[in-house]
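Q: Please find one structure pasted underneath; my questions will follow.
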Amino acid sequence: MTVPAHTKRVSVANLDAALDVLRERGLRLSAARRIVLEALFEAAGPLTADELADGCDLASVYRNLEQLEEAGVVRHLHVGHGPGLYLPTGRSVELIVCERCGARAEIDPGVAAGVRTAVCDATGFTPRFDHFPLAGLCPRCAEQRKDQTDVWTR
């Protein structure tokens, strides 16, 4: 199981803030690092390393993502058995993923607060959904499953 980087995350609101953190931590601002960060900040949501590479050297993208995560400006999360997703640490986002078709939706962390409280009350554990998302069925798959269940119950 992959665990999140142990470096303290820095909430970076934009590309300039992320570059400032890298400078403060003594990391070189290579062209590849800048390209990866630009793509993450321009994206509407989390991206896979393949999406970031877009035909470029995938190994280089992974190296840069690892270094950016160690610097605390990028985080990753896992969606089922698929590839990791990456986003800037300033984006406070949690996901729910369909365990059937892989569709995903962003959840405002405040919306999941009730779930966290219920889990904590029941187990004493304080769950986080920023590394492994919540799983369930999207509306389309839930409807298909209902239709299939109805066939078996008739």
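Q: Out of segment 54-75, which residues are of a type outside the set (Lys, Arg) and over 17 Å from the mean Cα position of the chain (by Cα)?
A: Residues satisfying the conditions are ASP54, GLY55, CYS56, ASP57, LEU58, ALA59, SER60.
Q: Inspect segment 127-134 for any residue being aromatic (Phe, Trp, Tyr) and under 17 Å from the mean Cα position of the chain (by Cα) and give the result as yes or no.
A: At the first step, the residues of segment 127-134 found to be aromatic (Phe, Trp, Tyr) are 129, 132.
With the extra rule that they be under 17 Å from the mean Cα position of the chain (by Cα), the set shrinks to 129, 132.
Within segment 127-134, one or more residues are aromatic (Phe, Trp, Tyr) and under 17 Å from the mean Cα position of the chain (by Cα).
Every read-out reported here was derived from the displayed coordinates using simple, explicitly stated rules and does not represent laboratory data. Source: prediction; values computed, not measured.
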